[in-house]
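What follows is a short report on a single structure.
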Amino acid sequence: TRVRLTIGRAGVAAPFTVTIVRAKVEIPTVTSATVPGTTVGMIRVEQFSSGAGETLRTQLKALLGQRITGLVLDLRENPGGYVNEAVAIASEFLSSGGVYRQRDAKGVETTTGVTAGGIATRIPLVVLVDGGSASASEIVTGALALFVGSAAEAAKRPPYGTELMLRRWSRWRESEPT
């Protein structure tokens, strides 16, 4: 639909009218490319929205078809999203083990494991994160960084989101009287 805006600006004598057309803006959840002049692939995950795991797998297959020798997983400024998408994405790079562990109010722990069938479990991997990486981004980063034998390396940065809350919760629990 068309929308007419009347805009007034300081220093301009009279307001003026502009007509714009509304459109739905689609931001791709996952994008990928090879780093120019190298055999290194790069996958950027904007957020862990519905379908992110499937989209990543499709793009990862295309990169592997180009015979990449290493991969950069870019989770910078990723606010997180659905935990099931975090499990799907982590599972593409891990052959076994847990992705995350959850503890309920009674102290009962449940581990959510890797989904079998990951297609990039043997490729060298670097994970990029920053202060804007939160929630599901931290789950994926933690699972990849802690997995024995994984080539994942997570950049050091101040904690944010889930990681910050887990650290605070851990300190609170440690100081709790027994």
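The values are calculated or read from the model by the stated rules, or taken from the named source; none is laboratory data. A quick note: this is a predicted structure, and the numbers were derived from the prediction, not measured. No Cβ is skipped: glycine too gets one built from the backbone with ideal geometry, and neighbour counts run over all protein chains shown. Remember, those area values only see protein heavy atoms, side chains included, never the ligands or the DNA or RNA. Shrake-Rupley method; radii C 1.70, N 1.55, O 1.52, S 1.80 Å.
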Practice task
May I ask you to derive the FRET efficiency for residue 109 and residue 12 from their Cβ-Cβ distance with R0 = 45 Å, giving the value to the nearest 0.05?
Solution key: 0.10
Exercise for the section: Towards the positive end of the charge dipole of region 1-120, with charges on Cβ (+1 Lys, Arg; -1 Asp, Glu), say which of 40, 69, 100 has the farthest Cα. Expected result: 40
Completion exercise
Heavy-atom accessible area with a 1.4 angstrom probe orders 61, 24, most exposed first, as 24, 61
Problem - Cα centroid separation, region 20-96 to region 2-19 (Å) - result: 41 Å
Handout entry: Radius 15 Å from Cβ of residue 64, net charge of other residues (Lys, Arg +1; Asp, Glu -1)
Key = +3
